[in-house]
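S.K.: Mind looking over this structure? Questions follow.
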Amino acid sequence: MTNHLSEIDTHIETYISLFKNNPDASYALDLAGRFTLFNESAVQLTGYTQDEVKGEHFTSLMKNDEAKVINAMFPKVISGDRRSFETTIIRKDGVHICISVTAVPIIKNGVVQGIIGIAKDMTERNSMLAELTFSRNQLQNIFDSIDICLWSIDVKTMRVFQISPACEDIFGYKQEEFLQNAQLWENTIHPEDKPIIEGCHQELLMGKTVNIEYRALHKDGHVIWVSDYIVPVFNYESNELIRLDGVIKDMTDQKEVEKQLQFMAYHDPLTELPNRRRFNEKVLEAIKYAEKHNELVGIMYLDLDRFKFINDTLGHNVGDEFLKIISKRLVQFIEGENVHATVTRQGGDEFAIVLCHVRVYSELCSFAEKLLPIITEPIHLNNNTYTITTSIGISIYPDHSTNLDGLIVRADQAMYLAKEKGKNTYQVYQTGLTDGLTRKMNIEQSLHKAIDKNELYLEYQPIVNIFDNNIIGLEALLRWNHTKLGKISPAEFIHIAEESGQIIKVGYWVLQKVVEHLNTWRQIGLPEFYVSVNISGRQLSEEYFLNTLKTILKTNTVSPESIKFEITESVAMTNVSNMMKQLNEIRNLGIDIFLDDFGTGYSSLSYLKKFPIHTVKIDQSFVRGLNQKNYNRSICKAIVSMAQSLNMNVIAEGVEEENQWLFLKEIGCGEMQGYYFSKPTPVDTIEKLFGFKD
C-alpha cells in the first residue's frame, strides 16, 4: 500500500513539475470552462496574472467568432475526446496572438473532472512561413505537425517511467517500448551527439535546467533534430537528484528553415549570387591555398557602366532585370571556361569574381578579354534591345597585396581607372595607379574644408504614419554642394569620408545641425516629431562618441527621445559584443535605434533579439520589387511579422507608387517614407510640410 501511495505521489509530483516548468503555456479548466490553473508560461503568453484569469471563462480571451467555434468543441473534450486546434487569443495589451492548443480531459476514477490544455505561440512559426513562401511553399505549414513529448527518467535506474504518446510521433517508438527497454532512450541519441547530453550532466546536478538541441535516430533509421528542455528534480530531504523531467520538441523542420536562412545570409536576394560576405570567405580560402601551393589569386571588380542612367530612365524594375540577366551571363561564362572561379554580387551594379589556381598573369587578362564581349551582348527586354558595358579592375595575390582588404581596394582602384580610360575595358592594378583617381583624391581633400566653407547641408525626408496621415519623423540626409565640382552624391563622398576617417568630424557636424534645427522647429511651434540620423560603424567605434553625444544634447537642451539613430545590419554585426554594449548605452540615453536597410545584410535572428533595436526599416530594394516577384512580397510580410513578434516597429523605405503603399498597408506596415509622400526637403521648407507659413 505504501509503495502504491509513493508511486502515486511520484506521479503527482511529476505532473506538477511538468505543468509548472513547461515552456509552453499550460492551463486547466473546470467543467464549466472556467480557468482553475494557469502556469507562468501562460501568464507570459497572455499578459494576465493567475488571479486575473482564475474563475474566468476561457472564451473571455477570444474573439466572438472564434469563441463560438471553440465553445462548440468544449463538450466533446468534456465527454472524453482529445482535441488539437489553432485559434487566436487577445492578449491583455490588445495584441492578437495565433496559438496552437492541445486540450485533453482530466479523468479521475473514471469521471471527467475538467480539462487540461497546452497552448503554443505560433507567431514565430507563421513569420518564418511567410518569409519563405517564395521557395514554392517548400516550408509551408512549418511546425504544424510538431507535438510535445513529455518524459521522466529515474536517475538511479536511468529507466523511463513516464512518457507521453506524442513521443511516438517524434521517435517512432511506442510508449511501451520506452517503458520496457531501459537502453532505448539512450540508443535513440545520435552517437556523435551523445557528448552533448553528457556535457550537461554537471549542470543538472547543480540544479540547473538545460535546453539543448541534438540529433536523434528515428525508429525507421532516419535522423531527426530535437530540442530537449530538461528539469532536474531533487529529493527535498536528502537534496539528492532523483528524477529528470523533460519536454522534447521536433526541431527537424526548424533546422530546414535555418538552412534556408543560411542561404539567404550568404546570397543576394535579387540575383541569388553569393553576396559580399561569401566573397570575402572565398578570397580568404583562395589566399590560404595559394600560399601553400605557390599560386596566384585574381580578384576582379566589375562595375556596369552608366547603370544609374538605366535606373533613372527605365526605372528600377527594368534595372533589376538587367542585373539578373548579367548575373546569369557571368555564371554561364565561368562554367563554360572551366575555371576555378566564383562570381558574386557586391551590391548595386557591382560584381566581383575570385579566380583560384592561377599560374600566370596572362590567364587573368585572357579571362577579362573574353568576359567583356559577353557583357556587351544585346539585352532584349519589353520589345526593346539594349546594350551595356562594364569596367573591370584586377588585383593579384600576392603581387598587389597579401590580405583581403588590400586586394579589394586595389581591384576597386583599377576598376575606377578602367572607367577613366573610357569604360568597356579592364585594368590590372599598377603601382601609382591612384594618380589616375583624381576626382576621388580631390573629394577626400576637399572634404577636410567642406564644413568650414559651408558646403555641407542637410535635407529631410518625412516619415509618415499612413493611418492618420501625420508626419511622425524626418530622416536627416547629408548633402554636399562643392564650389567647383558641384553637387556630389552622398553615395560617392560618404564612402570616402568613412575610408579617410573624416566621417567622425562630419558625423558630429550632422548631429549638431540636427539638434539646432529641432530647437528652431520647437520654438516656432511645429508639432512633436523625431529626426533619425544615420550613424556609421566608424562613429560608434570612436572612443569619445558617447561623451560628445551627451554634450551636444545637453548644450542644446534637446530631448533624446526626439532623436533616433539609424545603423545598418553590417554595422550591427561588426564586433557584436562591443557594438551591443555601445548601442545599449545609447538606448539608455533615451535614443531609439533603427536598423536600416533591413534584409540586405546577414544578421542572425538570435543576435537581432539581443540588440536594443526599436525599429527595422525595410530596404527599398524589396519595396521596389513588390511589383516584380512574389518573394519580395513574402520578404516584406516576413519582416513585418518578425518585427511585430519581437515588439519592434517597422518603416518601409523607398515607397514610390500607390500599389506599394496599398500592399504595405495591408500587411500591417503603418509607417513609410519615399517619393510617394515627399522627396527630401530643404530645411527652410520644413514648416510647409506641417502646414505652417512664415
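The values are calculated or read from the model by the stated rules, or taken from the named source; none is laboratory data. Since this is a predicted model, take the numbers as computed values, not measurements. Cβ: placed from backbone, ideal geometry, glycine included. Neighbour counts: every protein chain shown.
Residues are listed down the side, and each one gets a yes or a no for (1) touching a Leu at 6+ places or on another chain (Cβ under 7 Å); (2) modelled with pLDDT of 90 or more; (3) crowded, with 19+ Cβ neighbours inside 10 Å:
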residue: Trp509; (1), (2), (3): yes, yes, no
residue: Pro527; (1), (2), (3): no, yes, no
residue: Ser532; (1), (2), (3): no, yes, yes
residue: Leu553; (1), (2), (3): no, no, yes
residue: Ile563; (1), (2), (3): no, yes, yes
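S.K.: Also, quick follow-up: I'd like to know if segment 367-375 contains one or more residues that are within 26 Å of Leu626 (Cβ to Cβ) and of a type outside the set (Phe, Trp, Tyr).
M.R.: Just the residues of segment 367-375 that are within 26 Å of Leu626 (Cβ to Cβ), to begin with: none.
No, segment 367-375 contains no residue that is within 26 Å of Leu626 (Cβ to Cβ) and of a type outside the set (Phe, Trp, Tyr).
S.K.: Okay, moving on. Specify which of the listed residues (Gly393, Gly422) is among the small types (Gly, Ala, Ser), outside any helix (DSSP H, G or I) and at pLDDT below 90.
M.R.: Working: Gly393 fails: at pLDDT below 90.
Answer to the check: Gly422.
S.K.: I would also like to ask the following. Just give me the residues in segment 508-533 being out of contact with any helix residue (DSSP H, G or I) (no Cβ under 8 Å at 6 or more places or on another chain) and touching a residue at least 60 places away in the same chain (Cβ under 8 Å), in sequence order. Steps first, answer last, please.
M.R.: First, pick out the residues of segment 508-533 that are out of contact with any helix residue (DSSP H, G or I) (no Cβ under 8 Å at 6 or more places or on another chain): 509-510, 513-514, 520, 522-523, 525, 527, 532.
Result: Gly525, Pro527, Ser532.
S.K.: Here's another thing I want to ask about it. Just checking, how many residues over segment 213-235 are under 16 Å from Ser152 (Cα atoms) and either surrounded by 13 or more Cβ atoms within 10 Å (Cβ to Cβ) or among the charged types (D, E, K, R) (or both)? Don't jump to the end; show me each part of the working.
M.R.: First, the residues of segment 213-235 that are under 16 Å from Ser152 (Cα atoms): 227-235.
This time we only want the ones that are either surrounded by 13 or more Cβ atoms within 10 Å (Cβ to Cβ) or among the charged types (D, E, K, R) (or both), so: 227-234.
Counting residues in segment 213-235 that are under 16 Å from Ser152 (Cα atoms) and either surrounded by 13 or more Cβ atoms within 10 Å (Cβ to Cβ) or among the charged types (D, E, K, R) (or both) gives 8.
S.K.: Take the residues of segment 586-599 that are surrounded by 20 or more Cβ atoms within 10 Å (Cβ to Cβ) and in a loop (DSSP other than H, G, I, E, B): which is modelled with the lowest pLDDT?
M.R.: Per the stated criteria, the residue is Gly599.
S.K.: Quick one: in segment 667-677, which of the residues that are at negative phi and of a type outside the set (A, V, I, L, M) is surrounded by the fewest Cβ atoms within 10 Å (Cβ to Cβ)? Spell out how you get there, then give the answer.
M.R.: From segment 667-677, those at negative phi are 667, 669-673, 675-677; that's our starting set.
With of a type outside the set (A, V, I, L, M) added as a condition, the list becomes 669-671, 673, 675-677.
On the way: Cys669: 24, Gly670: 17, Glu671: 18, Gln673: 24, Tyr675: 12, Tyr676: 17, Phe677: 18.
Among those residues, the one meeting the criterion is Tyr675.
S.K.: If you check every pair at least six apart or on different chains, which have Cβ atoms under 7 Å apart with a residue in segment 281-295 that is closer than 12 Å to Leu355 by Cα and acidic (Asp, Glu) first and a residue that is exposed (fewer than 15 other Cβ atoms within 10 Å of the Cβ) and modelled with pLDDT under 95 second?
M.R.: Matching pairs, first to second residue: Glu295/Arg359.
S.K.: Now, a different point. Can you find even one residue in segment 426-436 that is touching a residue at least 12 places away in the same chain (Cβ under 8 Å), assigned by TED's automatic domain parsing to the domain that holds Asn280 and under 22 Å from Ser327 (Cβ atoms)?
M.R.: Scanning segment 426-436, I find at least one residue that is touching a residue at least 12 places away in the same chain (Cβ under 8 Å), assigned by TED's automatic domain parsing to the domain that holds Asn280 and under 22 Å from Ser327 (Cβ atoms), so the answer is yes.
S.K.: Looking at Val231 and the list (1) assigned by TED's automatic domain parsing to the domain that holds His316; (2) within 30 Å of Asp169 (Cβ to Cβ), which single condition is not satisfied?
M.R.: Against the list (1) assigned by TED's automatic domain parsing to the domain that holds His316; (2) within 30 Å of Asp169 (Cβ to Cβ), Val231 comes up short only on (1).
S.K.: Right, next: Looking at Leu273, Leu314, Leu304, Leu296, which one is within 14 Å of Ile379 (Cβ to Cβ), buried (at least 18 other Cβ atoms within 10 Å of the Cβ) and in the same structural domain as Tyr426 (by TED's automatic domain parsing)?
M.R.: Numbers: Leu273 fails: within 14 Å of Ile379 (Cβ to Cβ); Leu314 fails: buried (at least 18 other Cβ atoms within 10 Å of the Cβ); Leu296 fails: within 14 Å of Ile379 (Cβ to Cβ).
After ruling out the rest, the residue left standing is Leu304.
S.K.: So, Ala182, is that one small (Gly, Ala, Ser), touching a Cys at 6+ places or on another chain (Cβ under 7 Å) and modelled with pLDDT under 85 or not?
M.R.: Working: small (Gly, Ala, Ser): yes; touching a Cys at 6+ places or on another chain (Cβ under 7 Å): no; modelled with pLDDT under 85: yes.
So Ala182 fails the test.
S.K.: I would also like to ask the following. Against the conditions (1) more than 23 Å from His495 (Cβ to Cβ); (2) not in a helix (DSSP H, G or I), where does Val533 fall short? Just the number, please.
M.R.: Checking Val533 against (1) more than 23 Å from His495 (Cβ to Cβ); (2) not in a helix (DSSP H, G or I), the one that fails is (1).
S.K.: Same structure again: Which one is modelled with the lowest pLDDT among residues in segment 7-51 that are hydroxyl-bearing (Ser, Thr, Tyr) and more than 37 Å from the chain's Cα centre (by Cα)?
M.R.: At the first step, the residues of segment 7-51 found to be hydroxyl-bearing (Ser, Thr, Tyr) are 10, 14-15, 17, 26-27, 36, 41, 46, 48-49.
Still in the running and more than 37 Å from the chain's Cα centre (by Cα): 10, 14-15, 36.
On the way: Thr10: 57, Thr14: 68, Tyr15: 66, Thr36: 89.
In this case the residue turns out to be Thr10.
S.K.: If Leu381 meets every condition in (1) in contact (Cβ under 8 Å) with a residue 60 or more places away in the chain; (2) farther than 27 Å from Thr431 by Cβ; (3) crowded, with 16+ Cβ neighbours inside 10 Å apart from one, which number is that one?
M.R.: (3)
S.K.: Mind listing whichever residues of segment 240-251 are buried (at least 19 other Cβ atoms within 10 Å of the Cβ) and not in a strand (DSSP E or B)?
M.R.: Met251
S.K.: Which residues, taken from segment 613-669, are assigned to a helix (DSSP H, G or I), of a type in the set (A, V, I, L, M) and modelled with pLDDT of 85 or more? Let's see the steps before the verdict.
M.R.: Looking only at segment 613-669, we keep the residues that are assigned to a helix (DSSP H, G or I), and these are 620-627, 630-645, 658-666.
In the following step, the residues that additionally are of a type in the set (A, V, I, L, M) were identified as 623, 626, 635, 638-640, 642-643, 662, 664.
Within segment 613-669, Val623, Ile635, Ala638, Ile639, Val640, Met642, Ala643, Leu662, Leu664 meet the criteria.
S.K.: Hey, another quick one. Could you pull out every one of the strands (runs of 3 or more DSSP E) wholly within segment 70-153 that has 1 or more residues that are within 26 Å of Asn630 (Cβ to Cβ) and modelled with pLDDT of 85 or more?
M.R.: Details: elements: 83-90, 96-108, 111-121.
Correct list: 83-90, 96-108.
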